[in-house]
Structures are given as C-alpha cells and as structure tokens.
Amino acid sequence: MAPRPLGPLVLALGGAAAVLGSVLFILWKAYFGRGRERRWDGGEAWWGADTDRLPQWDEWEPEDDEDEPALEELEQREVLVLGLDGSGKSTFLRMLAGKPPVEGHVPTWGFNSVRLPTKNFEVDLLEIGGSQNLRFYWKEFVNEVDVLVFMVDSTDRLRLPWARQELQKLLDKDPDLPVVIVANKQDLSGAMSMVELQQELGLLASDNQREVFLLAASIAPAGSGFEEPGTVRIWKLLLELLS
C-alpha cells in the first residue's frame, strides 16, 4: 500500500484547541525528522526503540551491507494508536519498542510515539491519550496516517458504549482508512468474548468495503514479555497493511 502524503494539518478549530492540536502534530513530525539515531528519553512522552531487544517479527535479514537500504532513504508509514484511557495503548507501544511494561495504570496526558525499522520502511506509531479532554483531538490525526489501531479494554463493560461512540466518529472521519481493533486484556476474568465485542462495537453493521480487523490480545500479561502472541499478530498485520 502506497503511503499517504502527509501534508500540513489544518484544524477547523478555534483558539487554544487549534493551537494544542497543531502543536501535538508538529512535535510528532519534528521529532521523527531528527533521524532514528537521536532520541529523547528524558520525559514520559517520548521513547525510541531499543533495537537490541526488538523481537525479529519482520524477519529482516539483509544479505550484506550493500543490499541494506540506507536509513535516510527509507519511507515512513504512520500508525495512529487510540482508545479510551486504560485500554493498554502505552503498554502496546512499549512492548513493540522492546521496553518492559510499567506497573499500574499511568495515564498519557499528551502523546507517546515510537519509530520501528523494517526492511523497506520505518513505522512511526503515535499514541494520543484517551482521557475525555484529549479525545477531542483524535479525529484531527485520522486523515494523516496509514492505519488506525483502536484499543479496547475487554473487561470494561461500563465504558464500552463510550468506546463504540468514539470509534464510530473515527470510522466516519475517514471511510477508507484500514482499522485494527485490539480486544485487549482477554486474559483477565470477566473479559467479553470476541462475538460480544463485535456486536457491542457495532462492527456487524459497518461498511463491508472497509478493512476492519478485530484481534484478541493480552498485551503484557505476567511473564509473557514482548513475545505475547497477540502483540506479534498485531505487528505482523500492521506490516501487511502498510506494505
């Protein structure tokens, strides 16, 4: 799939809302424009991939240095990771980056981002916090990415209608955007089944022409590390959709 041109973000918002939304997007692109070798680990929002710990899910084994694409020539693919607070977005990015999960729930007040190298392109994943005051900005990023990952807490029955409402807004914003819905925390007691989630999220009534994938996952259950099968399946699906 050819990458979408990432043009300037234009927000039809007023006052501080427009400023904050623009700043988030500009910071994201400016940071990745520095190159993969430079990273900022001083704050809670940014991190780079720990390449020594990355699992070889993309099976990148170049024959020699001459055949390896130059890093500066690799194309970029953008993936937006959204979901209500507590759904596991930050943990998902940490696992992909080869970093251990943080114990307890630490809400994202801005955004997290990570870049992952593959053989033919680099994948930029952006997570925007899922608290109510940040959901307003979600839709402003949808048209600027190649794939949307929407995380759902499979045990959170009370807020599932909110998740469905926010998901529908995103689906309406870009009818052609491939969507990967991750039913997270399937290892916990009381987790809803995939059939139930499919019904409650309104996926049965969605447009059949859209690429929507619903995957079960238990991201970062005790002792699994970044070899958790659900995380591996998500990553492999993303590579397929981005290729």
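The values are calculated or read from the model by the stated rules, or taken from the named source; none is laboratory data. Everything numeric in this text was worked out from a predicted model, so none of it was measured. Heads up, the Cβs are rebuilt from the backbone with ideal geometry, glycines too, and the neighbour counts pull from every protein chain shown.
Kindly indicate the residue of the stretch 193-208 that is outside any helix (DSSP H, G or I) and in contact (Cβ under 8 Å) with a residue 12 or more places away in the chain and also surrounded by the most Cβ atoms within 10 Å (Cβ to Cβ) among those meeting that condition.
That would be 201.
Would you please name the residue that is farthest from residue 143 (Cα to Cα), looking only at residues in the stretch 172-187 that are in contact with a strand residue (DSSP E or B) (Cβ under 7 Å, 6 or more places away or on another chain) and either of a type in the set (A, V, I, L, M) or free of Cβ contacts under 8 Å to residues at least 24 places away in the same chain (or both)?
Among residues in the stretch 172-187 that are in contact with a strand residue (DSSP E or B) (Cβ under 7 Å, 6 or more places away or on another chain) and either of a type in the set (A, V, I, L, M) or free of Cβ contacts under 8 Å to residues at least 24 places away in the same chain (or both), the one farthest from residue 143 (Cα to Cα) is 183.
If you go through the stretch 63-104, how many residues are at negative phi, at pLDDT below 80 and among the small types (Gly, Ala, Ser)?
1
Could you tell me whether any residue of the stretch 135-148 is touching a Ser or Thr at 6+ places or on another chain (Cβ under 7 Å) and either without any contact (Cβ under 8 Å) to a residue 24 or more places away in the chain or assigned to a loop (DSSP other than H, G, I, E, B) (or both)?
no
Checking the condition in a loop (DSSP other than H, G, I, E, B), farther than 16 Å from residue 88 by Cα, at pLDDT 95 or above and not polar (S, T, N, Q), which residue from 177, 158, 239 passes?
When all the criteria are applied, what remains is 158.
Is there a residue being touching a helix residue (DSSP H, G or I) at 6+ places or on another chain (Cβ under 9 Å) and either within 19 Å of residue 236 (Cα to Cα) or of a type in the set (Ser, Thr, Tyr) (or both) anywhere in the stretch 130-146?
Yes.
Is it the case that some residue within the stretch 143-163 is out of contact with any strand residue (DSSP E or B) (no Cβ under 8 Å at 6 or more places or on another chain), farther than 21 Å from residue 79 by Cα and of a type in the set (S, T, N, Q)?
yes
Mind telling me which of the residues 130, 190 ends up being within 15 Å of residue 89 (Cα to Cα), in contact (Cβ under 8 Å) with a residue 24 or more places away in the chain and part of a loop (DSSP other than H, G, I, E, B)?
130
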